[in-house]
Amino acid sequence: MAFPVDLTCALTGATPGQLSRWRRSPGALLNPEVSQAPRVLYSFRDVLALRTMVYLRTQVSLQRIRKAFHSLAGMDLTDHPSRYRLVSDGDSVYLVDEEGQAMDLVRRPGQRVIAELDEVFAPFRNFNDDPVVDFLHPRQRLEVREGRMGGWPTVSGTRVPYDTVAGLQRGEHGISAQDVNRFYPDVSTDAALDAISFDEQVKSA
């Protein structure tokens, strides 16, 4: 599944300008796996990595994030960034392994430390103090599951994409949220309202 810039922004908290700088600047932080031009599309793994970067940016400078990524490469940790769990204490960036042990990537690269794990998937406020949605539940009745529709947001418990439900309600000939279940019986009125609410946020990006 390929994620366009607007949906990527809504799910990660990044701005279009940030995404552009992070993929085009010298020593780009993240080049989209799917495509570069003429239309930029990100993979699900890209979206996970970008959300981590936005979360880290709320606590440390972009320079330190770049240094952390450089340290990963220097340690021959060259898998996709989404494979690594990165956290911050407001001063440095740490790589956390499966056993919960953390390694400093900025101040003392390679030194192991004790660090608490922050939940990147939970709602937070980005560097501009804008709210970032809960990644796994961008709305109460919507969810993101990597194994379902390639991670594209759907109505909870279904394979119905949020934008399909929103599309039914848009335009001059759109139907009401109450009537969506005539087309998709598993989609409640509240879920239909959540879908169009999130779709409006995505389009505003």
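Here, each number is a calculation from the coordinates, and none is a lab measurement. Treat the numbers as computed from the prediction; the structure is a model and nothing was measured. Cβ coordinates were reconstructed from backbone atoms using ideal geometry, including for glycine residues, and neighbour counts include every protein chain displayed.
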Inset, instruction - Set the Förster distance to 41 Å, then compute FRET efficiency between R159 and R107 from the Cβ-Cβ distance, nearest 0.05. - result: 0.35
Legend entry - In nm, spacing of pseudo-spin labels at R21 and S197 (7 Å Cα→C-beta vector): 3.1
Inset, instruction - Just grab the label-to-label distance for S176 and D6, each label 7 Å out from Cα along the Cβ direction, in nm (one decimal). - result: 2.7
Inset, instruction - Using the charge dipole of the chain (Lys, Arg: +1 at Cβ; Asp, Glu: -1 at Cβ; taken about the Cα centre), state which of T158, V106, A192 has its Cα farthest towards the positive end. - result: V106
Inset, instruction - Specify the angular offset, from 0 to 90 degrees and rounded to the nearest 10, of the alpha carbon long axis of helix 189-204 from the longest principal axis of the alpha carbons in the chain. - result: 50
Legend entry - 5 angstrom amide H check on L142, placed H, neighbours 5+ away: S156
Inset, instruction - For D190 and D97, calculate 0.36 nm times their separation in residues minus their Cα-Cα distance, and state this gained length in nm to one decimal. - result: 29.5 nm
Inset, instruction - Report the charge-dipole magnitude of region 3-132 in Debye, nearest 20, computed about the Cα centre from +1 at each Lys and Arg Cβ and -1 at each Asp and Glu Cβ. - result: 580
Legend entry - Distance between modelled label sites at S204 and Q63, nm, 7 Å Cα→Cβ extension: 3.4
Legend entry - Whole-Hz couplings from phi, Karplus 6.51/-1.76/1.60, listed for region 90-98; x for Gly and Pro: x, 10, 9, 10, 10, 9, 9, 8, 5
Legend entry - Extension gain from A122 to R83, taking 0.36 nm per residue of separation minus the Cα-Cα distance: 12.2 nm
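Would you kindly give the portion of the calculated P(r) for region 25-84 that falls above 20 Å, as a percent of all Cα pairs?
Percentage above 20 Å: 26.
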Legend entry - Potential extension, D76-L136 segment - 0.36 nm per residue separation minus Cα distance: 18.6 nm
Legend entry - Principal axis dimensions, largest first and in whole angstrom, of region 14-118 by Cα: 44, 24, 23
Legend entry - Total charge dipole magnitude, region 61-205, about the Cα centre, Cβ charges on Lys, Arg, Asp, Glu only, Debye to nearest 20: 340
Legend entry - Amide H contacts of F124 (H built 1.01 Å from N, under 5 Å, at least 5 apart or other chain): V132
Inset, instruction - Give the value in nm², to one decimal: projected area of the alpha carbon convex hull of the chain, averaged over all directions. - result: 12.4
Inset, instruction - Quick one: among R51, R85, R21, which has the greatest mean-square fluctuation in a GNM of the chain with alpha-carbon springs under 10 angstrom? - result: R21
Legend entry - the chain - mean residue ellipticity at 222 nm from DSSP helices (-39,500 (n - 2.57) per run, n ≥ 4, rounded to 500): -10000 deg cm²/dmol
